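Student: For reference, the structure I am asking about is given below.
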Amino acid sequence: IVQQWLSVIFANANNFAPTTILIHQNRDYKLLAEEMLINSLPVDITVVDMESFGDFWRKRNQFTFTTKLSNQGKKKKLEIIISSTSIPDKNIGIFIRDGKMIDKILVKDETGRKFKYQALEMTGTSDILIYDIKK
């Protein structure tokens, strides 16, 4: 069963989707399976309790931004303006369809203060994921 869980977790992770597993620990073998699962996860997969998972979704729901696409000659520039009342959680990302077609991506708040971020080019597409956004 642990191998089945791992295959689901990896498939979801490849799509940047979370996996939720509910285990009733009313039998020793269930607790042992949960421990085996956690010990089998790679370091880039995070395990959180339900309260932390709920906190993430509250922050995600409060995260707001607008975009502005402009041309500078033949080059395209995308500005992502994050509301200053909406500080992003490090796990919140912004998916940019056809982002590889954009020459410059700037992430800032409405006062112009710039954010640092990581960008991941999605394999087999022209899309980009912006994540780990921080001032």
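The values are calculated or read from the model by the stated rules, or taken from the named source; none is laboratory data. Fair warning: this is a prediction, and the values are worked out from it, not measured in the lab. No Cβ is skipped: glycine too gets one built from the backbone with ideal geometry, and neighbour counts run over all protein chains shown. SASA here: full protein model, heavy atoms, side chains in, ligands and nucleic acids out. Shrake-Rupley method; radii C 1.70, N 1.55, O 1.52, S 1.80 Å.
Student: Residue under question is Ile80, and the condition is that it be touching a residue at least 40 places away in the same chain (Cβ under 8 Å) and of a type in the set (Val, Ile, Thr); does it hold?
Tutor: yes
Student: Quick one: in the stretch 19-37, which of the residues that are under 18 Å from Val48 (Cβ atoms) and in a helix (DSSP H, G or I) is least open to solvent (accessible area, probe 1.4 Å)?
Tutor: In this case the residue turns out to be Leu37.
Student: Among the candidates Asn91, Asn71, which residue alone is under 30 Å from Phe115 (Cα atoms), in contact (Cβ under 8 Å) with a residue 40 or more places away in the chain and polar (S, T, N, Q)?
Tutor: Asn91
Student: For the stretch 110-135: of the residues being over 22 Å from Asp55 (Cβ atoms) and among the charged types (D, E, K, R), which is surrounded by the most Cβ atoms within 10 Å (Cβ to Cβ)?
Tutor: Asp127
Student: Sticking with this one: Among the residues of the stretch 100-133, write down those that are part of a strand (DSSP E or B) and either of a type in the set (A, V, I, L, M, F, W, C) or over 13 Å from Ile80 (Cα atoms) (or both). It would help to see each step written out before you state the result.
Tutor: Here is the first cut: in the stretch 100-133, the ones part of a strand (DSSP E or B) are 104-109, 114, 116-121, 128-133.
Of everything in the stretch 100-133, those that are part of a strand (DSSP E or B) and either of a type in the set (A, V, I, L, M, F, W, C) or over 13 Å from Ile80 (Cα atoms) (or both) turn out to be Ile105, Leu106, Val107, Gln118, Ala119, Leu120, Glu121, Ile128, Leu129, Ile130, Asp132, Ile133.
Student: Could you check the stretch 1-18 and list, in sequence order, the residues that are under 13 Å from the mean Cα position of the chain (by Cα), open to solvent by less than 70 Å² (accessible area, probe 1.4 Å) and not aliphatic (A, V, I, L, M)?
Tutor: Scanning the stretch 1-18 gives a single hit, Asn12.
Student: Separate question: I'd like to check something: does the stretch 4-13 contain any residue that is within 30 Å of Thr85 (Cα to Cα), of a type outside the set (Ser, Thr, Tyr) and not in a helix (DSSP H, G or I)? Outline the logic, then answer.
Tutor: We begin by selecting, within the stretch 4-13, every residue within 30 Å of Thr85 (Cα to Cα); these are 13.
Checking which are of a type outside the set (Ser, Thr, Tyr) leaves us with 13.
Among the residues that remain, those that are also not in a helix (DSSP H, G or I) are: none.
Looking for residues that are within 30 Å of Thr85 (Cα to Cα), of a type outside the set (Ser, Thr, Tyr) and not in a helix (DSSP H, G or I), one finds none in the stretch 4-13, hence no.
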